[in-house]
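Below: one structure, written as structure tokens.
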Ligand code: PEP
């Protein structure tokens, strides 16, 4: 079975201006040692306006951090006032782009079709999508969680080739756990991440599924990261609120310390 390098990403959402962003990353780097980065990827996803500052900081201080963006437009350019395209992000050395975060689905009307177009734009420009999927509380209580996630995967990955699928990261983020302080149990997270891997095996074969990195996201904190990361199908975390504290995010990243 291929080795899967865990990936822990911080989604800052609409928090921190570019000066605060620099401070946050500097403090994070201060709290982390070389060993904390070893064998895993650590990514920060600041707002668009801070990407250039953080890119420069990562380069100048040679920080072993990846840069991620929270969204992009599906078209490469055009009359789309206020939007940011995938090639613009690629020029800033952005490595990962969140696609289909539940806040974008719920607040900005992103359908699987829109998410699919964004995933493909990200891949066209050599970056990796972190494709977010997850069910609402209503859907979970109706016993529909797995089907909802499978449908989101099918819709969002339409036309994505096997080669492209190997570059994908999927984040399982139950909507009811995001920003609520209520996280999925490690068993629930494991079950859903395994179901995601199963669906990828259906679509792309077992080899691709075995190599796929599946993150859990939803109220990840220093106190629950170890147990979540201990699950065989959980290959990382997508962290919202706790990534805004350099101390907490560093504790999450360094969860393997004794
Ligand atoms: C997120 O925004 O992707 C997220 C998981 O948020 P939080 O960790 O705050 O629940």
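Structure remark: mean-square fluctuation, Gaussian network model of the chain, C-alpha springs under 10 Å; the largest value among 208, 81, 56 belongs to 81. Under 20 °C and 1.002 mPa s, how fast does segment 7-253 diffuse according to Stokes-Einstein, given a Kirkwood radius computed over C-alpha pairs? Answer in µm²/s, whole number. This corresponds to a translational diffusion coefficient of 119 µm²/s. Once each part is reduced to its C-alpha centroid, what is the distance from segment 210-237 to segment 1-26 in angstrom? Distance between centres, Cα-based: 15 Å.
For the chain, the 222 nm mean residue ellipticity estimated from helices alone, with every DSSP H stretch of n ≥ 4 adding -39500 (n - 2.57) and the total spread over all residues, rounds to -12500 deg cm²/dmol. Here the peptides 36-46, 221-231 are ranked by packing, the mean other Cβ count within 10 Å, and the order with the highest first is 36-46, 221-231.
None of the figures in this text is laboratory data; all of them are computed from the coordinates on show. The model shown is predicted, which means the values in this text are computed figures rather than measured ones. No Cβ is skipped: glycine too gets one built from the backbone with ideal geometry, and neighbour counts run over all protein chains shown.
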